[in-house]
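For reference, the structure is listed below as structure tokens.
Derivation of every value follows stated rules applied to the coordinates shown; laboratory data play no part. Just so it is clear, the structure is predicted and the values come from calculations on it, not from any experiment. Neighbour counts are summed over all protein chains in view; Cβ atoms, including those assigned to glycine, are modelled from backbone coordinates with ideal geometry.
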Amino acid sequence: MPEYLAPGVYTEEISTGPVPIEGVSTSTAGFVGLTERGPTTVRLVTSLRDFQRWYGDPVEPATSYLPFAVKGFFDNGGQRLFVARVTRPNAAASSLTLTTDGADLVVEAIGPGNVDDRLFVRVVPATRTLSADQLPAGAPPTPDPTRFRLQVAYYATPPPLPLVDPFDRRELRNPLRREPDASEDWDNLTKDPLSGDYVVTALQASQLVTTAPGTPGQPGEVAWTALAGGLDGDAMTAAALVGSELPPTGLTALRQIDEISLLCAPDEVNAELLPNQADRDEIRTQLVQQCEELKDRFAVLQVDRGQERVDTILPPVTSSYAAIYYPWLRVLDSRTSDTRLVPPGGHMVGIYAKTDIERGVHKAPANVEVRGIMARDLPGNRKPLEYLVNKRQHDILNPRGINVVRDFRADRRGIRVWGARTLTADAQWKYVNVRRLFIFVEESIDEGVQWVVFEPNSEPTWDRVRRSISNFLDSVWRSGALMGSLPEEAFYVRCDRSTMTQQEIDTGQLVCYIGMAPVKPAEFVVLRYSQKTADAES
């Protein structure tokens, strides 16, 4: 209670109305897999170009489907993606030790992996010059000796050696010159830790290199030199993709990102990367288990390649927090200018995100054209889909919860997602949009009622909780996500003496019951016709 000790007029602000609840995002995705290069810490990317700056292009021969999945995600309308790069066990970063006037400056590739003879560094004088009062009268401009310039060049394939300077315009006509796939130019760096241009601090923003721990001195001039000592590591395992908590890596690192609502591991079906079927099954299990435990995200799985007989395709797991898609899609490989089949997960997650943004999470992510794939048949029986599924085959797959991408080009409708079922036998959670709607509502209310913790467990608090949740669900109903012509038909919120016992109140429990009537997709549109006989007029 406020204290009033001296006479006067006191102004107070009190909060009596319902606390508004804001809906959480449902279109932010999390992917895990191998990349050409890049950091192993989870990073948010918001475009394909952003991903390529940090992680590079698909590697040839392609060892991971992650880059193709990322492209499919953004091609189909995705906007926010957290990427967890993993590396093979025992991978080591390429590095270069630069001799200085003090402790050596060790420049390392930003992540583990062998980029020897592809990542180059050189040191030249800084462009900053000494001021006039620091020079003898009439002396020409002189570079500041306390500064240096570090240039970095990366090539996806090793260039001819010795390296022709890619920054020298006089070498543009040199037949041995190669344009780097990525480059950086860090000018006016210093060894002074108190300076804003301190080399260790400045390189924290680099997308190619970093520095080893320590306080390095200032290096002298160094010609273009390749980093060395990198290792790609041993064979990939499921444990490497799952990752660890300390340091947070892989799928485990994505668990710590609360914003993620869609989860996918494109390499869960990569038999070349994970030849052991048990490893691939483990990845699927971990994906679904994370979604079921956190209850704030949904997993998108993929059917293995080469499954031509639809009668043998069975759900790999049982869960209402996951959906699976079939068949694989044919895309253009930018590195080889040829086409290749890739799992559909990345494209499907992009469709989920686009549907959420344009229509809402209550709309089933189906009957949507798939973008970013080949739009026509190519010689050699190379079609946009690995297999063309007809209606009779779909009649087998749909009841099993296998969502199909079908070819409707003959009807001028393109190639579309033609399924929206989860991997559960529970009829209440049969549809993807129903499960994801409840995830959205539960997570939004969970974050929106945190203010209730340690409030008095009494009628005024219960009333505010009821009004806060009811106002939020009213907006959900008005968006078309709930059934009913009136709010009373769409949902109910109870928080009073009927929802909790005195024992629960005494032990600090506030219990609220919430019921919703979600909209279900019109999966089967039935049009019934009959003949009408025209009666003769009398």
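Dividing the alpha-carbon radius of gyration of the chain by 2.2 N^0.38 Å (N being the number of residues), what value is obtained?
1.24
Counting alpha carbon pairs within less than 8 Å and at least 6 residues apart, what relative contact order, in whole percent, applies to segment 95-226?
Relative contact order, segment 95-226: 38 percent.
Just want the answer: with Cβ charges of +1 for Lys and Arg and -1 for Asp and Glu, which residue in 449, 206, 273 is farthest toward the dipole's positive end in the chain?
273
Once amide H atoms are built 1.01 Å from N in the peptide plane, which residues 5 or more positions from residue 301, or in another chain, come under 5 Å H to H?
Under 5 Å from the amide H of residue 301: 323, 324, 325.
Magnitude of the Cβ-charge dipole of segment 207-304, K/R +1 and D/E -1, about the Cα centre, nearest 20 debye? Intermediate values should be presented prior to the final figure.
Working: 5 positive and 16 negative charges, 40 e Å.
So the dipole magnitude of segment 207-304 works out to roughly 200 debye.
Kindly rank 324-331, 271-278, 5-12, 29-36 from highest to lowest mean number of other beta carbons found within 10 Å of each residue. Write down the numbers at each step before the final one.
Numbers: 324-331: 23.5, 271-278: 14.0, 5-12: 5.4, 29-36: 27.4.
Listed from highest to lowest mean packing, they are 29-36, 324-331, 271-278, 5-12.
Short version: ³J(HN,Hα) in whole Hz for each residue of segment 372-379, in order, from phi by Karplus 6.51 cos²θ - 1.76 cosθ + 1.60 (θ = phi - 60°), x for Gly and Pro, what are they?
Values, residue by residue: x, 10, 4, 9, 9, 6, 10, x Hz.
Once phi is turned into ³J(HN,Hα) by the Karplus curve 6.51 cos²θ - 1.76 cosθ + 1.60 with θ = phi - 60°, what whole-Hz value does each residue of segment 111-117 show in order, with x for glycine and proline?
x, x, x, 8, 10, 4, 6
Which of 347, 394, 362 comes first, and how do the rest follow, when ranked by fewest Cβ neighbours within 10 Å?
On the way: 347 28, 394 17, 362 22.
Arranged by neighbour count, lowest to highest, 347, 394, 362 become 394, 362, 347.
Of all the Cα-Cα pairs you can form in segment 34-135, what percent are over 22 Å apart?
Values: 2414 of 5151 pairs.
Cα-Cα pairs in segment 34-135 separated by more than 22 Å: 47 percent.
May I ask you to derive the FRET efficiency for residue 181 and residue 497 from their Cβ-Cβ distance with R0 = 56 Å, giving the value to the nearest 0.05? Present the calculation step by step, with values, prior to reporting the outcome.
On the way: r = 68 Å, r/R0 = 1.21.
With R0 = 56 Å, the Cβ-Cβ based efficiency is 0.25.
Using the crude model of +1 on Lys and Arg Cβ and -1 on Asp and Glu Cβ, and no other charge, please compute the dipole size for segment 95-226 relative to its Cα centre, in debye to 20.
Numbers: 11 positive and 18 negative charges, 64 e Å.
Charge dipole of segment 95-226: 300 debye, to the nearest 20.
Could you size up the charge dipole of the chain around its Cα centre, putting +1 on the beta carbon of Lys and Arg and -1 on that of Asp and Glu, and report it in debye to the nearest 20?
For this selection, approximately 2260 debye.
Taking the Cα centre of the chain as the origin and placing charges on Cβ (Lys, Arg +1; Asp, Glu -1), which of 419, 408, 261 is farthest toward the positive end of the dipole?
408
Hey, what's the Cα Rg ratio for segment 95-226 versus the globular rule of thumb, 2.2 N^0.38 Å? List each step's numbers first, then the result.
Values: Rg = 15.8 Å, N = 132, 2.2 N^0.38 = 14.1 Å.
Dividing the Cα radius of gyration by 2.2 N^0.38 Å gives 1.12.
Can you tally the net charge around residue 520? Count Lys and Arg as +1, Asp and Glu as -1, for every other residue whose Cβ sits under 12 Å from the Cβ of residue 520.
For residues surrounding residue 520, the net value is +3.
Pop out the ³J(HN,Hα) list for segment 144-157 in order, Karplus 6.51 cos²θ - 1.76 cosθ + 1.60 with θ = phi - 60°, rounded to Hz; leave Gly and Pro as x.
My calculation for segment 144-157 gives 5, x, 8, 10, 8, 10, 10, 10, 10, 9, 10, 10, 5, 10 Hz in order.
For residue 526 and residue 103, calculate 0.36 nm times their separation in residues minus their Cα-Cα distance, and state this gained length in nm to one decimal. Working shown, then result.
Numbers: separation 423, 0.36 × 423 = 152.28 nm, distance 7.72 nm.
Result for the pair: 144.6 nm of gain on full extension.
Subtracting the Cα-Cα distance from 0.36 nm times the residue separation, let me have the gained length for residue 309 to residue 195 in nm, one decimal.
On the way: separation 114, 0.36 × 114 = 41.04 nm, distance 6.54 nm.
Contour length minus Cα-Cα distance gives 34.5 nm.
So what's the back-of-envelope 222 nm ellipticity for the chain, counting only DSSP H runs of four-plus at -39500 (n - 2.57) apiece and dividing by all residues, rounded to 500? Write out the running numbers ahead of the final one.
Working: 12 runs with 118 residues, N = 538.
Computed mean residue ellipticity for the chain: -6500 deg cm²/dmol.
List every residue whose amide H lies under 5 Å from the amide H of residue 91, counting only residues 5 or more places away in sequence or on a different chain, with H placed 1.01 Å from N in the peptide plane.
The list, which skips near neighbours in sequence, is 234.
Please name which of 242, 313, 107 has its Cα lying farthest along the dipole of the chain towards the positive end, using unit charges on Cβ (Lys, Arg +1; Asp, Glu -1) and the Cα centre as origin.
313
Helix 432-448 versus the longest principal axis of the chain: what is the Cα-based angle in degrees, 0 to 90, to the nearest 10?
70
Every cysteine in the chain with no other Cys Cβ under 4.7 Å from its Cβ, please list them in numeric order.
Lacking a cysteine Cβ partner under 4.7 Å: 264, 291.
Quick check: net charge around residue 235, other residues with Cβ under 14 Å of its Cβ, Lys/Arg +1 and Asp/Glu -1?
Its environment carries a net charge of -3.
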